[in-house]
Amino acid sequence: MKKLAAVFLAGIMCVSLAACGSSASDDAASTDTQTAAEETAEETEETADDAAAADTEEAADTAASGEVTTVTEGILTMGTNAAFPPYEYYEGDAIVGIDAEIAQAIAEKLGLSLEIVDMDFNSIITAVQSGKVDVGIAGMTVDPDRLENVDFTDSYATGVQVVIVPEDSEIASVDDLEGKLIGTQEGTTGWQYCSEDYGDDMVIPYTNGATAVQALLDGKVDCVVIDQQPALNFVEANEGLKILETEYAVEDYAIAVSKDNTGLRDAINTALNELIDDGTVQGILDKYITAE
Ligand code: GLN
């Protein structure tokens, strides 16, 4: 009986993932950026299926013992912004990437199926607070302002803010950003730091990384400040861009959970730490992030 329930849930999970696709493929910039990550994503799907099958029994056991409350019973609903490769991006209609895989592994441990909801990055914290989603998993940096509104789990990855410039740019390091027009993703830490350091007038917020990079390609901004891994992906997918060697900031990524659901936060931390200890998280990171 327990096993059957888990198999049924796994079925819903696949349907949910498949049903997530929507607007991103209309966006020329994000379509371009998918190319660099597509190969990895193909492997990902197979591995995710295998993992789901192998973990079915374990998931059923955890479901029986760990009682977590979620927005929709039996489902872990994850808010993300799927224009942030290799953490989250579209492969066809499915949202794939590091965060999607880590979320799936956590959901399996909690005996839940996973549903991913794509939204603007800037809406994720509110969606967690208002109970539209259970968790925000979006390469999201632990940050004091956000901690006033949501809780974060333990960290699962390190993020670095970097600067993308045209190959022939006169900007040689982060010290040259004064007086330059900086493209950022609205609501991100990169946007916050640049606004503080250079003033709101010099910082143009875009709804996601792909549109910020498109603005750089179109000459509307002089540079883009964004997280390193998406930056590498965007630079690989678009000619004529490079990343400055100097880093802007080093940060921790973690999962945002409602302050009203400490039970879920604690259960995720237990699952996450097991996945860190047994090498699953590192395996997922290594699959998407190739050592330089
Ligand atoms: N790490 C950055 C932040 O949390 C950007 C995340 C993102 O754009 N998905 O603000």
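The values are calculated or read from the model by the stated rules, or taken from the named source; none is laboratory data. None of these values were measured; they are calculated from a predicted model. When we count neighbours, we look across all protein chains shown, and the Cβ atoms used for this are built from the backbone with ideal geometry, even at glycine.
Given Asn122, Asn149, which one is at pLDDT below 95, out of contact with any strand residue (DSSP E or B) (no Cβ under 6 Å at 6 or more places or on another chain) and farther than 25 Å from Ile284 by Cβ? First the steps, then the outcome.
Numbers: Asn149 fails: at pLDDT below 95.
Of Asn122, Asn149, the one residue that is at pLDDT below 95, out of contact with any strand residue (DSSP E or B) (no Cβ under 6 Å at 6 or more places or on another chain) and farther than 25 Å from Ile284 by Cβ is Asn122.
Could you list, in sequence order, the residues of the range 129-149 that are of a type outside the set (D, E, K, R), surrounded by fewer than 23 Cβ atoms within 10 Å (Cβ to Cβ) and not in a strand (DSSP E or B)? Even if it seems obvious, please write down each step before you answer.
Of the residues in the range 129-149, the ones of a type outside the set (D, E, K, R) are 129-131, 133, 135-142, 144, 147, 149.
With surrounded by fewer than 23 Cβ atoms within 10 Å (Cβ to Cβ) added as a condition, the list becomes 129-131, 141-142, 144, 147, 149.
Of everything in the range 129-149, those that are of a type outside the set (D, E, K, R), surrounded by fewer than 23 Cβ atoms within 10 Å (Cβ to Cβ) and not in a strand (DSSP E or B) turn out to be Gln129, Ser130, Gly131, Val142, Pro144, Leu147, Asn149.
Please specify each residue of the range 184-210 satisfying the condition of being at pLDDT 95 or above, in a helix (DSSP H, G or I) and closer than 24 Å to Tyr253 by Cβ.
Thr189, Gly190, Trp191, Gln192, Tyr193, Cys194, Ser195, Glu196, Asp197
Can you list residue pairs whose Cβ atoms sit under 7 Å apart, with the first residue in the range 234-258 being farther than 29 Å from Ile116 by Cβ and the second being at pLDDT 95 or above and within 13 Å of the ligand (Cβ to nearest atom)? Count only pairs 6 or more apart in sequence or on different chains.
Every condition considered, the pairs that remain are Leu244/Val162; Glu247/Val160; Glu247/Gln161; Glu247/Val162.
Let me confirm something: among Val213, Val221, Val165, which residue is assigned to a loop (DSSP other than H, G, I, E, B), surrounded by 20 or more Cβ atoms within 10 Å (Cβ to Cβ) and at negative phi?
Checking each option against the conditions leaves just Val221.
Can you tell me which of (1) touching a residue at least 60 places away in the same chain (Cβ under 8 Å); (2) crowded, with 17+ Cβ neighbours inside 10 Å; (3) β-branched (Val, Ile, Thr) is the one Val203 doesn't meet?
(1)
Hey, can you tell me all the residues within the range 238-292 that are in a loop (DSSP other than H, G, I, E, B), exposed (fewer than 15 other Cβ atoms within 10 Å of the Cβ) and either in contact with a strand residue (DSSP E or B) (Cβ under 8 Å, 6 or more places away or on another chain) or among the β-branched types (Val, Ile, Thr) (or both)?
Step one: list which residues in the range 238-292 are in a loop (DSSP other than H, G, I, E, B), which gives 238-240, 244-248, 258-261, 278-279, 289-292.
From what is left, the residues that are exposed (fewer than 15 other Cβ atoms within 10 Å of the Cβ) are 239-240, 245-247, 259-260, 278-279, 290-292.
If the condition is that a residue be in a loop (DSSP other than H, G, I, E, B), exposed (fewer than 15 other Cβ atoms within 10 Å of the Cβ) and either in contact with a strand residue (DSSP E or B) (Cβ under 8 Å, 6 or more places away or on another chain) or among the β-branched types (Val, Ile, Thr) (or both), then Gly240, Thr246, Glu247, Lys259, Thr290 are the ones that fit.
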